[in-house]
Structure formats: structure tokens, C-alpha cells
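K.L.:
Submitted below is the structure of interest, expressed as C-alpha cells.
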Amino acid sequence: MGFINGSASFVRFSVEGELPENPLDFIADRVIAFSFRDIDDTYDEYSIGWVSVLNMFDSQFQYASYAAGDYITITLRVDERKVSPAILKKFVQKEEERVKLEKQVPKLGRAQKVEIKERIRTELMRKAIPIPVIYDLCWSLSESTLYFFSTNKKAHAVLEDFFKESFGLLLRQQIPYVVGEQLLDEDGLDRLARINPDVLV
């Protein structure tokens, strides 16, 4: 659920690395360069890119700006074509039976089975409609902090990789220990380093 809804779950990241002298111009170039590309009319299996938080079909930000003061608010959209393993198995077996009857053989060789499976998978993938998933984020430039509105670990990994590819910056999840490192003085850091995990039964 995104941050413009009534309630939301989020994870906070630190943005590590230096932005150029004109950060907004740089970000504008990179957001457009890595904007989402539709795959509905292609046979591509996967597409990822930036879109507007107000409209997942607005990948050129014609209807709403992503910059608001010191904040960048954009959505990461991921479209993926998938074929259910059960459906793939069904149509592969059906095609194997058809080929066996056609060739009048009791069973097929391994090479034939592999060829049939790949062919059927390609055919089904071409018919599959890409499934879209969107994740909102809010990036504070002055605080070098990013709020990502998903707690899904797989989504975090996708974000970290694509954010680095887009902006050349690293994301580091702000777990309590990391936040402590940023807030404490030298004395506090020394005590933090000596903390050991404990098991409470």
C-alpha cells in the first residue's frame, strides 16, 4: 500500500553516495532514462522502471511532478509475464501425447521432451498478460533518507539493485543498530559496539 493511502507500512533506507552539483537536474535525467517501458504489445517477459505515484501509466511524468520541495516521490513499477507451473505441465503433457501418437512411439527421448517443454513455455508466455506490481517511495535529498512503502524482502532487493543502476547510489536499510551509529556520540558508539544479543525465555 502506498504512502498516499490512509495507512501504510514502510522501511527506511539511508542513501549513500554523492549527488552531482545540480541534483534535481541529474535526478530528472535519470528518472526519465530509467522510466518504465510497457511490454503489453511485446513478447518481453519482464520490465522495470519509474512511474508517477498518481498514475502507474504515466512514465514520462506529464500529469504530475515527482519533485516536491526537498522530496522526490516516485513509484517503482515491475511488470512480469508468468506461466503457472501447473498449466505448463498440463500443456506439455498434452503435446507429448500428441507427438507420441503422431510418431507412433511408446515414449519420447529426453531431447524431444526438452524441446517440447521450451516450445510450449514460449507459446504460453506470449499469450500471458504481464502482471504489474507497484511500490511507492519518498526520498529526502537533504536527509539522504528514503522511505520505501513495502516490507517485502524481495522487493527491497529489487529496489536496491535498480536504485543503484538508476542513480549510482547505494541504499542501506536503517535498522536500529545503524540508526544508533548515526545518532550516538563517541561514548555511545563504544557502548553500542560492546552490545551482545541475548535470548529472553
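K.L.:
Look through the stretch 40-77, keep the residues that are of a type in the set (G, A, S) and outside any strand (DSSP E or B), and return whichever of them is surrounded by the fewest Cβ atoms within 10 Å (Cβ to Cβ).
P.N.:
Per the criteria, the residue is G69.
K.L.:
Right, here's the next one. If you go through the stretch 48-84, how many residues are farther than 19 Å from D29 by Cβ and hydroxyl-bearing (S, T, Y)?
P.N.:
Number satisfying all stated conditions: 2.
K.L.:
Every residue in the stretch 78-94 that is in contact with a strand residue (DSSP E or B) (Cβ under 6 Å, 6 or more places away or on another chain) and surrounded by fewer than 18 Cβ atoms within 10 Å (Cβ to Cβ), please.
P.N.:
The one that is in contact with a strand residue (DSSP E or B) (Cβ under 6 Å, 6 or more places away or on another chain) and surrounded by fewer than 18 Cβ atoms within 10 Å (Cβ to Cβ): E80.
K.L.:
Do the conditions hold for K113, that is, is it more than 30 Å from F163 (Cβ to Cβ), among the basic types (K, R) and either in contact (Cβ under 8 Å) with a residue 12 or more places away in the chain or exposed (fewer than 12 other Cβ atoms within 10 Å of the Cβ) (or both)?
P.N.:
Taking the combined requirement at face value, the residue satisfies it.
K.L.:
Just the residues that are more than 18 Å from F26 (Cβ to Cβ) and part of a strand (DSSP E or B), please, taken from the stretch 146-155.
P.N.:
Y147, F148
Table: residues versus (1) within 15 Å of E45 (Cβ to Cβ); (2) of a type in the set (K, R); (3) over 26 Å from the mean Cα position of the chain (by Cα); (4) not assigned by TED's automatic domain parsing to the domain that holds H156.
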residue	(1), (2), (3), (4)
E95	no, no, yes, yes
V105	no, no, yes, yes
R110	no, yes, yes, yes
K117	no, yes, yes, yes
Y135	no, no, no, no
S142	no, no, no, no
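The values are calculated or read from the model by the stated rules, or taken from the named source; none is laboratory data. Keep in mind that what you see is a predicted model, and the values were worked out from it rather than measured. For neighbour counting, all protein chains shown are included, and Cβ atoms are generated from backbone atoms with ideal geometry for every residue, glycine included.
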